[in-house]
Amino acid sequence: MQTTIEIKNLEIMATHGVLDSEKKTTQPFVFNATLFVNYLQAAKEDNLSKTISYCDVMQDIKDFTTQNSFNLIETLAYRCALFLIKKYPSIEKITLAVSKPKAPFDMTFETVQTKVTLSWHKVYLSLGSNLGRKEATLKKAVKLLGAEDEINVKKVSSFYKNPPYGGVATEEFVNIAVEIDTLLNPYDLLDVIHKIEKALGRKRTVRWGNRTCDIDIIFYDDLHMKEKDLTIPHKDYKNRDFVLVPLSEIAPHLC
């Protein structure tokens, strides 16, 4: 059962803004947060240890806001929400709004506000390499995935050797499957994947050719999408033993 904890109109004096004066003189920032958690057990037992203390969360927001300084309240809202959802594993989703009632505009207004929503998504990836030090490359790819603020690596399969696929590649592949939790949407996740592939020497010259690192999104929650650059679930995963065998090791219920 997903329930919510709400914090309304938490005012904190801090220095965020583009102008020099905003960086030197404090002004009020007002926070409204909705935390999506499961506190049924805490409510039944009347036990604080089974839920999140809203006092702790409010102190965290205050500390984060006063110990940092950003040009944009969009950055403040995103970074603060990211900090909270990563600190408290029981938060499944968070919506955080930041208002700036004293923004330096020569107009009459109540406030300006930005709002961000972050939620965890379960994703399964297939990774392969058939050039160079293959296992070392795949380990590096997993490390780079885990280094992203918006990604938590949860499970990694064993290494599996497979013949080349697609009739173009000539060298034997090593493949793994990886389970991650991510705050990224599918296209932002794809951008991160392409960045990691490039960092590991991937060159997109010949389709299905030899490659240092290949990362495919197989599943993203229960999402079904078919776009020009991205299809989820992966359109050919059912025909690929090099995907299914590693995946069955870490997620047998999906196979």
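Summary table
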quantity: Neighbour-count ranking [beta-carbon atoms within 10 angstrom, fewest first] of Val98, Val30; calculated: Val30, Val98
quantity: Residue among Ser53, Ser158, Ser126 with the largest mean-square fluctuation in a Gaussian network model of the chain, springs linking Cα atoms under 10 Å; calculated: Ser53
quantity: Cα-based equivalent ellipsoid of region 34-177: semi-axis lengths in Å, sorted from largest, via gyration tensor; calculated: 42, 23, 12
quantity: Among Cys255, Val174, His121 - extreme Cα towards positive end, dipole of the chain, charges at beta-carbon; calculated: Val174
quantity: Projected area, mean over directions - region 3-119, Cα convex hull, nm²; calculated: 7.2
quantity: Long-range tail of P(r) for the chain (Cα pairs > 31 Å, %); calculated: 41
quantity: Listed residues Lys238, Lys44, Lys139, most fluctuating in the chain (Gaussian network, C-alpha, under 10 Å); calculated: Lys44
quantity: Likely footprinting exposure, His224, His121, His16, His194, fewest C-beta neighbours within 10 Å first; calculated: His224, His194, His121, His16
quantity: Kirkwood Rh and Cα Rg combined as Rg over Rh, evaluated for region 180-255; calculated: 0.95
quantity: P(r) of region 121-254 over all Cα-Cα pairs, binned every 10 Å from zero, in whole percent; calculated: 12, 47, 37, 4
quantity: Spatially proximal lysines relative to Lys50 (Cα-Cα < 29 Å; intrachain offsets below 8 disregarded); calculated: Lys8, Lys62, Lys86, Lys87, Lys93, Lys115, Lys122, Lys154, Lys155
quantity: Of Asp214, Asp229, Asp181, the one that fluctuates the most in a GNM where the chain has Cα springs shorter than 10 Å; calculated: Asp229
quantity: Burial ordering of Met13, Met58, fewest other beta-carbon atoms within 10 Å first; calculated: Met13, Met58
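Readers should treat all values here as calculations from the given coordinates under stated rules, not as data from a laboratory. Bear in mind the structure is a predicted one, so any value in this text is a computation, not a measurement. In this analysis, Cβ positions are derived from the backbone assuming ideal geometry, glycine residues included, and neighbour counts consider all displayed protein chains.
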